[in-house]
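Worksheet for the structure shown next.
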Amino acid sequence: MSELRFDGKVAIVTGAGQGLGRSHALALAERGAKVVVNDLGGAVDGTGASTGPAADVVELIKKNGGEAVVNADNVATPEGAKAIVQSALDAFGRLDVVVNNAGILRDKSFGKMTVEEWDAVIAVHLRGSFLVSHAAFPHLKEQGYGRIINTSSPSGLFGSFGQANYSAAKMGLVGLTKTLGLEGARANIKVNAIAPVAWTRMTESLLPAEFEARFTPESVSPLVVYLAHESCETSGEVFSVAAGRVARVFVAEGPGWKQENHTVEDIRDNWEAIMTEQPYLTPTTLGQQSGASMKAML
Ligand code: NAI
């Protein structure tokens, strides 16, 4: 089988100074992509800034014979997002792939979470992914080709104690991925999301020590690289990826219970049927989902 290459292609990887983003940037560059290595270079909670981590990744890519530029703009501001896209255009004259990976944590149990902690996390993950994709979109649309990979999380898909802000942002990214997948379809812009687990500075104090050797960022990057490739036709999907395993995650709807003009008590009395999962439906569009409701009306 031929190797999947990115010669002549340009990718932006946000938050690529370390951890997962660094690994994605190196993997894309190794296959010929020219890479904008974006990173604000702050702490896990998003405070502080430094160009050091991004510069180190660019140096490594160049040492390996690749091409890359440093960008230290903030994904969470419209000006920052525009500057990130502009740096791809200025340095390499085009843009093909956006990997929205930058992220921070401000974990706190819900009752103790401040508005500032909520806003800061939503701003980087959800708003940041929107802003960078939004700045990139006209360029991708004009050339009739583009790939966007968003970084969701099992914490968002399934919930995680102490991470209301982070979970909301990460599940928000699933909605963004699905809608942007639909809106990008005509222009051959495929949009997918990953929900990884990897040993990074973000998770090293949360994961068991034995995870370090197997839950590597490098074990997540092959999926990102595949989703970034021109040959990948999939769009609007979410994938669980960790330690060598890759799985599609899908939103399912149970078969449902139906009774016209039902009362509150009917709901109570039929709760078990309403909660039943099998045989579930997996609508991939709103049309398919409403189709299921329409069928129930017949
Ligand atoms: P990390 O902390 O090593 O990397 C995140 C990078 O994003 C940092 O280099 C940071 O400087 C950068 N960044 C933060 N705010 C930024 C901003 N406003 N603009 C530009 N860059 C910014 O963490 P890790 O683990 O590599 O996380 C990468 C992504 O993967 C995040 O979105 C995270 O939520 C997600 N993720 C990670 C998991 C894991 O197990 N490590 C699990 C699920 C999701």
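Before moving on, here are some points about what is shown:
- Förster-model FRET efficiency, 22 Å R0, Thr77 and Ala49, C-beta, rounded to 0.05: 0.95
- The value of relative contact order for the chain, using C-alpha pairs under 8 Å at least six residues apart, is 15 percent.
- Angle between the chain longest axis and helix 164-184 axis [Cα atoms, degrees, rounded to 10]: 90 degrees
- Most tightly packed first, judged by the mean number of other beta-carbon atoms within 10 Å of their residues, the peptides 116-124, 270-278, 219-227, 242-250 read 219-227, 116-124, 242-250, 270-278.
- Tensor-based shape of region 10-249 (alpha-carbon gyration tensor, a/c under 1.5 rounded, otherwise prolate or oblate): rounded
- The antiparallel fraction among DSSP beta bridges confined to the chain stands at about 20%.
- Among the listed pairs Lys34/Lys63; Lys108/Lys170; Lys141/Lys170; Lys82/Lys108; Lys141/Lys178, those with a Cα-Cα distance over 23 Å are Lys141/Lys170; Lys82/Lys108.
- Residues considered: Gly144, Gly80, Gly103. Largest GNM mean-square fluctuation over the chain, using C-alpha springs under 10 Å, is found at Gly144.
- When Trp257, Trp199 are sorted by how many other C-beta atoms sit within 10 angstrom of their C-beta, beginning with the fewest, the order is Trp257, Trp199.
- Simple Cβ-charge dipole of region 146-298, Lys/Arg +1 and Asp/Glu -1, about Cα centre, in debye nearest 20: 460 debye
- Three-way shape label, region 186-298, alpha-carbon gyration tensor, a/c 1.5: oblate
- Whole-Hz ³J(HN,Hα) from phi, Karplus 6.51 cos²θ - 1.76 cosθ + 1.60, for region 198-210, glycine and proline x: 8, 7, 9, 5, 6, 10, 4, 8, 9, 8, x, 4, 6
- Fewest-first sequence of Met171, Met1 by Cβ atoms within 10 Å of each Cβ: Met1, Met171
- Angle in degrees between helix 78-92 and the longest Cα principal axis of the chain, rounded to the nearest 10: 50 degrees
- Sorted ascending by nearby beta carbons within 10 Å, beginning with the fewest, Lys34, Lys178 become Lys178, Lys34.
- For region 125-137, 3J(HN,Hα) per residue [Karplus equation, 6.51 cos²θ - 1.76 cosθ + 1.60, θ = phi - 60°, Hz, x = Gly/Pro]: 6, 7, 5, x, 5, 4, 5, 5, 5, 5, 5, 7, 3
- Sequence-distant contacts, meaning Cα pairs under 8 Å at least 6 residues apart, place the relative contact order of region 1-157 at 23 percent.
- Highest-MSF residue in the chain out of Arg31, Arg106, Arg186 [GNM, Cα springs under 10 Å]: Arg186
- Extension gain, Lys112 back to Thr285 (0.36 nm per residue minus Cα-Cα distance, nm): 58.6 nm
Read-outs: derived from the displayed coordinates by stated rules, not from any lab. It should be emphasised that the depicted structure is a prediction, and the values quoted were computed from it without experimental measurement. In this analysis, Cβ positions are derived from the backbone assuming ideal geometry, glycine residues included, and neighbour counts consider all displayed protein chains.
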